[in-house]
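Okay, so here's the structure we're looking at.
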Amino acid sequence: MAYDPTALDRLSSLVPPPASPIFGTRGWDEVFRALDLRLPPDYIAFIERYGDCEFARWLWVSDFRTLTDEQFARIPEWMDYYRDLREDSPEDFRLAMWPEPGGFFQWGSTIDGDAMGWMTVGKPEEWPIMIVARHHDEDAPVQETMTEWLVGWASGDRFGSWAFAPESEEHLLICEPRD
C-alpha cells in the first residue's frame, strides 16, 4: 500500500480544504523526534493541505505540529481508557496501544468518541487504518492509507451517503478549521 497523491486530490474535490486552514508551526522532523515515530506520507500531505480540521462537524483530524511539548508528552496516555478495558477484559480488547510495539496510534476522533488511527506495524506508508469504536466491537484493520479511507467515507462508498444528504443540517459534508 504505497502513498498515492491522487487520493488527496479526490478528497479535495469531494470536500475542499478549509478556506483558512490552521497549521502547526513545528517542523515534521521535530514532530517525529517528539513522538519517536515517523508518520505516513499521505497524512503529512493531507495536513499540509487541510491543517487541523473537522469534517461534517463529526470527524476531527489532528495536526500534531500544533501540540505543545507537554501535549506531546501526554500522547501515550490518550488510549489509557482502552488499556484499562483490556486489563479487565483481554478477550474483548485485544489491540496493542502505542507506544507498545505495533500499537494503535490515534490521528483523529469522532464526536461519538470513536478513535481513528493506524496500527503501527511495518513501514508508516503500510500502516492500516483502524477504528476503535466506542459503541461496537472492533472491526478489522483497513488496508488503506488515511486519505484513501477518508475518500471512501466522504464519497459514501464506505458507509453510504445518508448522513450527508443535502437536507441534513447537522452534518453538512464540509471541512472547517478546528479551533
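The values are calculated or read from the model by the stated rules, or taken from the named source; none is laboratory data. Just so we're clear, the structure is a prediction, and the values are computed from it rather than from any experiment. Note that we place each Cβ from the backbone using ideal geometry, even for glycine, and neighbour counts take in every protein chain shown.
Tell me which residues, restricted to region 68-82, are loosely packed, with under 15 Cβ neighbours inside 10 Å and either of a type in the set (Val, Ile, Thr) or touching a strand residue (DSSP E or B) at 6+ places or on another chain (Cβ under 7 Å) (or both).
Listed by number, the list holds a single entry, 68.
Of all residues being under 14 Å from the mean Cα position of the chain (by Cα) and in a loop (DSSP other than H, G, I, E, B) in region 113-138, which is surrounded by the most Cβ atoms within 10 Å (Cβ to Cβ)? Just the residue, please.
Out of the qualifying residues, it is 127.
Count, please, the residues in region 1-39 that happen to be closer than 21 Å to residue 127 by Cβ, touching a Phe, Trp or Tyr at 6+ places or on another chain (Cβ under 6 Å) and not aliphatic (A, V, I, L, M).
1
Regarding residue 31, is this residue touching a strand residue (DSSP E or B) at 6+ places or on another chain (Cβ under 6 Å) and surrounded by 13 or more Cβ atoms within 10 Å (Cβ to Cβ)? I'd like the intermediate steps shown before the answer.
On the way: touching a strand residue (DSSP E or B) at 6+ places or on another chain (Cβ under 6 Å): no; surrounded by 13 or more Cβ atoms within 10 Å (Cβ to Cβ): yes.
No; evaluated as a whole, the condition is false for this residue.
Can you tell me which residue among 65, 49, 86 is surrounded by 17 or more Cβ atoms within 10 Å (Cβ to Cβ), more than 19 Å from the chain's Cα centre (by Cα) and in a helix (DSSP H, G or I)?
Values: 65 fails: more than 19 Å from the chain's Cα centre (by Cα); 49 fails: more than 19 Å from the chain's Cα centre (by Cα).
It is 86.
Identify, from the list 170, 144, 100, the residue that is under 24 Å from residue 50 (Cβ atoms), at pLDDT 85 or above, of a type outside the set (A, V, I, L, M, F, W, C) and in a loop (DSSP other than H, G, I, E, B). Show your work before the answer.
Details: 170 fails: at pLDDT 85 or above; 100 fails: under 24 Å from residue 50 (Cβ atoms).
Just one listed residue meets the conditions, 144.
Within region 140-151, how many residues are farther than 16 Å from residue 110 by Cα and without any contact (Cβ under 8 Å) to a residue 60 or more places away in the chain?
3
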